[in-house]
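Have a look at the structure below before the remarks.
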Amino acid sequence: MRCPFCQYTDNRVLESRSAEAGQSVRRRRECLRCERRFTTYERIEYVPITVIKRDGDRESFDRFKLLRGIVRACEKTGISSVQLENLVDEIEAELQQRAVREVNSSEIGELVLQNLRTLSEVAYIRFASVYRKFQGIRDFVDTLNHLRSNTSQLQAEVKQLEADDASMLASS
Ligand SMILES: [Zn+2]
């Protein structure tokens, strides 16, 4: 950081403190040559992320849209809205830290799944069934086997999906 007065590049930090409600760090600096003081602000770089959808269309990453999708999958699973907000925060932060500014929607889906799995298996299954668009019941059973869980709620979900699958096959 060059001194704004003499353009010298070396300075020392006199004081650092949180500013803008924790969104940045304010540093008071002193130039090592002219000894004048100036202030710098350090912020996390926020760059728009482009999502590449299944059909190849591109759109800006929209955290509210993502949250809506997750909320739908997590209805009646006992996951709080704060937990869901945190989940979306984590995914957004992860995407922000990547060097690449484009991400496939399927990658975001997988990130959601990784996180949901630790929160609720039912929510995980529901989200997976929508996001991965299971290729038939085999795919779904494979996913279930990964979970190695056998709760009655999960069995009910399987029954429902089997029924959906059967009616889909019957109508095609
Ligand atoms: Zn200076």
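Throughout, read-outs are computed from the coordinates displayed, never taken from laboratory work. Just so it is clear, the structure is predicted and the values come from calculations on it, not from any experiment. No Cβ is skipped: glycine too gets one built from the backbone with ideal geometry, and neighbour counts run over all protein chains shown.
Listed highest first by mean packing, meaning other Cβ atoms within 10 Å per residue, what order do 121-127, 37-43 come in?
Sorting 121-127, 37-43 by mean packing, highest first, produces 121-127, 37-43.
Applying a 10 Å radius around every beta-carbon, put 47-60, 75-88 in order of their mean neighbour count, most first.
Per-residue Cβ counts within 10 Å, averaged per peptide and sorted highest first, yield 75-88, 47-60.
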